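The values are calculated or read from the model by the stated rules, or taken from the named source; none is laboratory data. Model, not experiment: these values are computed from the prediction. Reconstructed Cβ throughout: ideal geometry from the backbone, glycine too, with neighbour counts over all protein chains shown. Side chains are part of the model used for accessible areas, which takes the heavy atoms of the whole protein and leaves out ligands, DNA and RNA. Shrake-Rupley method; radii C 1.70, N 1.55, O 1.52, S 1.80 Å.
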Amino acid sequence: MSQDQSESQDQSESQDQSETTEYEAPERHRKRSQGAVANRAVPVDRSAAELAEEILTEELSPRAEQAERDPEAVLPDDLLPGVGAEPMTLRESLRAGGRATVFVMALLAFIDELPRAIRVLAPDIQHSLNISDTALLGIFGFGGVVLALGAIPMAVFADRFKRAFIIPVASIFWGVATFLSGLVVTSFQLFLTNAATGLGQSYRIVVTNSILADTYPLPARSRIFALERIGSCAGRLLGPLMIGGIAVLMGGDEPWRSAFFAVAVAPLVAAVVSSVMLREPPRGRFDKAIVSGDNCHEADTLPVPIGVAYARLRKSKTFWYVSTGAGILGFVSVALPVQFNLLLEDKYAMGPFQRGVVESLIWVAALAGLPLARRLFDSRFRSDPALMMRLAGWCAMASGLLFAVALSIKTIGLLVALTAVAQTLAAMALVAAPAVIAAVSPYRIRAQAFALLPMFVLLVGGFFCGLISGQFSDALNERTAMLVMAPSAALAGGGLIFYGSRFIRYDIYRSVEELREEHQERARIEADPESLPALQVNNLDFAYSSVQVLFDVSLEVAKGEVLALLGANGAGKSTLLRAVSGLGIPSRGVVRLGGRTITYATAEDRFAAGLVHLRGGAGVFESLSVTDNLKVSLLESKLGKDEVKERTDRALSLFPWLADRAGIKAGDLSGGQQQQLALAMALMHDPAVLLIDELSLGLAPVVVQELLEVIERLRAEGQTMVIVEQSINVALALADRAIFLEKGRIHFEGSAQQLAEQDDIAQAVLLGGEDR
């Protein structure tokens, strides 16, 4: 898009960028129309009704524009990864990514199912340790809770270390824990060892899905995920037979102990196989290739902590509906089989091997159903990802109806047959979850996104729903408990997945937009290295809960430049600084510091990288002396004594009065002196970019003049600064360039001289309310 077109677009609210039907990267150093504010002349003769209507329209305009970001209106299929792509056969997929990775992952899925197959011995364990249904379900369920919670640190490890290295280490750990389970003599000991097994297995969903997504092309992900899941289904099919057979073969009063010992050998096999056959794939390579046209390298970025990743993922409606729906549906695959085995022993007097045969038969249908789901969901994702999610939702809800019928039947053959079909439909629904999560999650936080899925499945479905079902079982019986819980969980989970389908296209678009913006920015910098800005914000949206405050904000600050942010109170100036410094997580957009992506970095990491935010008001420790405040500001810096002295001397040279008041407590200083001390503390860190919020707010003119002299000296020394300022006179004195924000949007960007010519900006600033 040319600059003339951009100017024309920005001059008219009806041609706002959010209304375009194609994604267009924001222009760098974009010049807003200088008349954008001036053109909004205010008539003097208007009725109260006309004035109220204009104010209401202006207030609702940002919300209306946000609503217009409807997937059907703004998301062309050629921007959605995998949508509209040429069909890819399984053979082509394996040729592109190799057979080894998916084979190893399927083997790991099979092995990881073996500890859960021990639930066919649940009645034997219950009798041996003398525990209730609720306690038994709690023990098995809590292993899932630890697995889910353990996925959080595993996601951190997966983000910072080679994922292929994590697998053998974690496999050996859970193998040892499983061996110890065979030695327990109390229910509490089993509780602990089962939790340890869950912790060791917590690597799988985080690492497995992430590696598969980075190894195989996106159009084939549904097929690959389904192929990997066949290993899990095979484990569920053969595992109960193996566990039941071992129990019968070993005999004795407590055959379940021998089963634990035998299962403990399997992870050792997994550790050896994975160490030999797995290779670490580049992160996000296929997503990048689709939006950029080549297999580009990862951009320089700061580490992404799990908390920040979750804060960003919460803003994806598709992600949360799918995760919540899959979590509730998890009752069917985690807790229900335990109760079903208790029913088989209690009502049908089945032994371990018989129960193993029944549970294996239930999963025979799944082995046939999952390839069908693979083909169906893969083809639907390419044509319409929302339709794929709706189909998954229908599968889950259909399983709920079948559970209601099946669990009411007392004839064992018909009970097992219908339960098998219901379990197959539920498993088919869950096939869609990893593919959806991979599509809507930004590639930088995909490992953390996969960590959230088991948290929901095992915590909500396996543990909490399992405890509720156990209470029903102890109070009534197993059949009644399953009749109450299974249909409800499947219908509720399927309904949530179905409802979430309406958001998937926009959420995929946001993920793609980030990738394409990164590619275009990289190309721009490669073409002109001198254009690398000190600070860059692109396409930034920010909201407090459901109230959006910033809309599509883009700006750049050159090295050594001083940028002033102006606007009426409530325009979003302070919010913009919070989003840049990491005190708030944007719902959309990218933030870079010196070319490094810091969008998902913590405020602490951004601070360590050189982005220092001096917030409005006192930022000092009032109980400490002036000297101690300066020392404390570098407490975590690990600088040498000479470097600390050099920075302290520089601060004292900027504020000579500090030396005269070195022993005075900061709380005894005036407000203006505290503000100067806070600025000195910020400068002790030698920031690459200094963000200053409300420099002159509430200060006497003489103090403001002193601060202006310091800022002018910093400016002459080449310090890059972004200053939020209410006073236009101060902004004109300080800034090389100014940006005017109004209702969360940039309405003016230009030099300080151009700012001086905008009378309406001064009027808007003077008439503002409380800032956000």
Taking first residues from segment 464-483 that are of a type in the set (D, E) and second residues anywhere that are open to solvent by 40 Å² or more (accessible area, probe 1.4 Å), the pairs with Cβ under 8 Å that are 6 or more apart or on different chains are D474/S132; E478/D346; E478/K347
Checking A609, A579, A603 in turn, the sole residue that is over 30 Å from G663 (Cβ atoms) and either without any contact (Cβ under 8 Å) to a residue 24 or more places away in the chain or touching a Ser or Thr at 6+ places or on another chain (Cβ under 9 Å) (or both) turns out to be A603
Taking segment 302-330 and the residues there that are at pLDDT 90 or above and β-branched (V, I, T), the one that is farthest from the chain's Cα centre (by Cα) would be I328
Sole miss for S511 among (1) of a type in the set (G, A, S); (2) out of contact with any Pro (no Cβ under 6 Å at 6 or more places or on another chain); (3) in contact (Cβ under 8 Å) with a residue 12 or more places away in the chain is condition (2)
Output for Cβ contacts, cut-off 7 Å, separation at least six or different chains, first residue over 12 Å from N194 (Cα atoms) and among the small types (G, A, S) in segment 135-157, second part of a helix (DSSP H, G or I) and at pLDDT 85 or above, reads A135/S187; G150/G198; G150/L199
Taking segment 120-138 and the residues there that are open to solvent by 10 Å² or more (accessible area, probe 1.4 Å) and not small (G, A, S), the one that is nearest to F450 (Cα to Cα) would be T134
Inside segment 516-549, the number of residues satisfying the requirement of being open to solvent by 10 Å² or more (accessible area, probe 1.4 Å) and among the aliphatic types (A, V, I, L, M) is 7
Given (1) farther than 17 Å from L577 by Cβ; (2) part of a helix (DSSP H, G or I); (3) not acidic (D, E), G663 misses just (2)
Q | So L376, is it touching a helix residue (DSSP H, G or I) at 6+ places or on another chain (Cβ under 9 Å) and either surrounded by 24 or more Cβ atoms within 10 Å (Cβ to Cβ) or modelled with pLDDT under 85 (or both) | A | yes
*State whether the residues of segment 631-645 include one that is over 30 Å from R592 (Cα atoms) and buried (at least 16 other Cβ atoms within 10 Å of the Cβ).*
no
Scanning segment 480-511 residue by residue, the ones that are crowded, with 23+ Cβ neighbours inside 10 Å and aliphatic (A, V, I, L, M) total 9
Per the filter on segment 602-615, residues open to solvent by 10 Å² or more (accessible area, probe 1.4 Å) and not in a loop (DSSP other than H, G, I, E, B) are A603, E604, D605, F607, A608, A609, H613, L614
Of the candidates V276, V272, the one satisfying the condition of being at pLDDT below 80 and farther than 30 Å from V590 by Cβ is V276
Scanning segment 602-621 for residues that are modelled with pLDDT of 85 or more, in contact with a strand residue (DSSP E or B) (Cβ under 8 Å, 6 or more places away or on another chain) and of a type outside the set (A, V, I, L, M, F, W, C) gives R606, G610, H613
(message) Against the definition (modelled with pLDDT of 90 or more, assigned to a strand (DSSP E or B) and buried (at least 22 other Cβ atoms within 10 Å of the Cβ)), how does L576 come out, yes or no?
(response) no
V176 vs (1) over 27 Å from V436 (Cβ atoms); (2) in contact with a Pro (Cβ under 7 Å, 6 or more places away or on another chain): all pass except (2)
**Request:** Inspect all residues belonging to segment 209-219 and state whether any of them is under 18 Å from F142 (Cβ atoms) and either acidic (D, E) or in a helix (DSSP H, G or I) (or both).
**Result:** no
If we keep only residues of segment 151-174 that are surrounded by 24 or more Cβ atoms within 10 Å (Cβ to Cβ) and of a type outside the set (A, V, I, L, M), then the residue farthest from S275 (Cα to Cα) is W174
Answer yes or no: is there a residue in segment 655-671 that is under 27 Å from V557 (Cβ atoms) and open to solvent by 10 Å² or more (accessible area, probe 1.4 Å). no
Given the conditions (1) at pLDDT below 90; (2) not in a loop (DSSP other than H, G, I, E, B), every one holds for T599 apart from (2)
Reported set for segment 514-526 where residues are in contact (Cβ under 8 Å) with a residue 60 or more places away in the chain and either of a type in the set (A, V, I, L, M, F, W, C) or in contact with a strand residue (DSSP E or B) (Cβ under 9 Å, 6 or more places away or on another chain) (or both) is E514, L515, E517, E518, E521, I525
Residues of segment 399-433 being open to solvent by 20 Å² or more (accessible area, probe 1.4 Å) and within 30 Å of the chain's Cα centre (by Cα), in sequence order, are L425, L430
Q.
Whether any residue in segment 462-474 is over 26 Å from the mean Cα position of the chain (by Cα), aromatic (F, W, Y) and under 30 Å from E345 (Cβ atoms) is what I want to check.
A. yes
When segment 215-264 is checked residue by residue, the ones that are in contact (Cβ under 8 Å) with a residue 40 or more places away in the chain, open to solvent by 20 Å² or more (accessible area, probe 1.4 Å) and among the hydrophobic types (A, V, I, L, M, F, W, C) are L227, I230, A234, L237, L238, L241, M242, V248, F261
Quick count over segment 579-591, residues being assigned to a loop (DSSP other than H, G, I, E, B), open to solvent by 10 Å² or more (accessible area, probe 1.4 Å) and within 10 Å of L540 (Cβ to Cβ), is 1
Subset of segment 170-185, residues assigned to a helix (DSSP H, G or I) and touching a residue at least 24 places away in the same chain (Cβ under 8 Å), comes to A170, S171, I172, F173, W174, G175, V176, T178, F179, S181
Restricting attention to segment 198-214, the residues that are open to solvent by 10 Å² or more (accessible area, probe 1.4 Å), over 17 Å from the mean Cα position of the chain (by Cα) and over 10 Å from G150 (Cα atoms) number exactly 1
Per the list (1) at pLDDT below 60; (2) open to solvent by 30 Å² or more (accessible area, probe 1.4 Å); (3) touching a Phe, Trp or Tyr at 6+ places or on another chain (Cβ under 9 Å), residue check on G82 breaks on (2)
